[in-house]
1. Looking at the structure I just gave you, is Lys75 on the phi < 0 side of the Ramachandran plot, open to solvent by 100 Å² or more (accessible area, probe 1.4 Å) and either within 14 Å of the chain's Cα centre (by Cα) or in contact (Cβ under 8 Å) with a residue 40 or more places away in the chain (or both)?
2. Step by step: first the residues of region 1-31, then only those that are polar (S, T, N, Q) and under 25 Å from Lys75 (Cβ atoms), then the one that is nearest to the chain's Cα centre (by Cα). Which residue is that?
3. Taking region 37-71 as the search range and keeping residues that are within 20 Å of Asp22 (Cα to Cα) and over 14 Å from the mean Cα position of the chain (by Cα), which one is most open to solvent (accessible area, probe 1.4 Å)?
4. Do we find that Tyr33 is surrounded by 15 or more Cβ atoms within 10 Å (Cβ to Cβ) and modelled with pLDDT of 95 or more in this structure?
Amino acid sequence: RMSRHAQHLRDHDINPCVAETDASRKCMDDNNYKKDMCTAYFLKYKSCRKFWHDIMMQRRRNGVKPEMPAAEERKKILESM
C-alpha cells in the first residue's frame, strides 16, 4: 500500500507531471541508473514542473482557486496553446 505522500504524487489532479516522472523513472530502470542516458527525460520533467509552477504562481497572484488547475482544466490549457 502506498503512503499518503506517494498517493498524493500519483494524483493527476495534484501532480501535473506524473507522466514525465514515470518516463524518467522507467529510463533510469532501463539504463541501469546511468543518469546521462536519461537527460532528455529529466529536461522534459523539469520544463513540465516549471511550466505548471509558473501557472500556479500566476493563479495565486490573481486569487484563482485552486492554485493548481485540475487535470481536465490543464488539458484545456495545453490545447489552447
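1. yes
2. Across region 1-31, the extreme among qualifying residues is Asn15.
3. Applying the filter and picking the extreme gives Met37.
4. On the way: surrounded by 15 or more Cβ atoms within 10 Å (Cβ to Cβ): no; modelled with pLDDT of 95 or more: yes.
So Tyr33 does not fit the description; no.
The values are calculated or read from the model by the stated rules, or taken from the named source; none is laboratory data. As the structure is a prediction and not an experimental result, all values here were calculated from the model. Backbone-built Cβ (ideal geometry, glycine too); neighbour counts: all protein chains shown. Side chains are part of the model used for accessible areas, which takes the heavy atoms of the whole protein and leaves out ligands, DNA and RNA. Shrake-Rupley method; radii C 1.70, N 1.55, O 1.52, S 1.80 Å.
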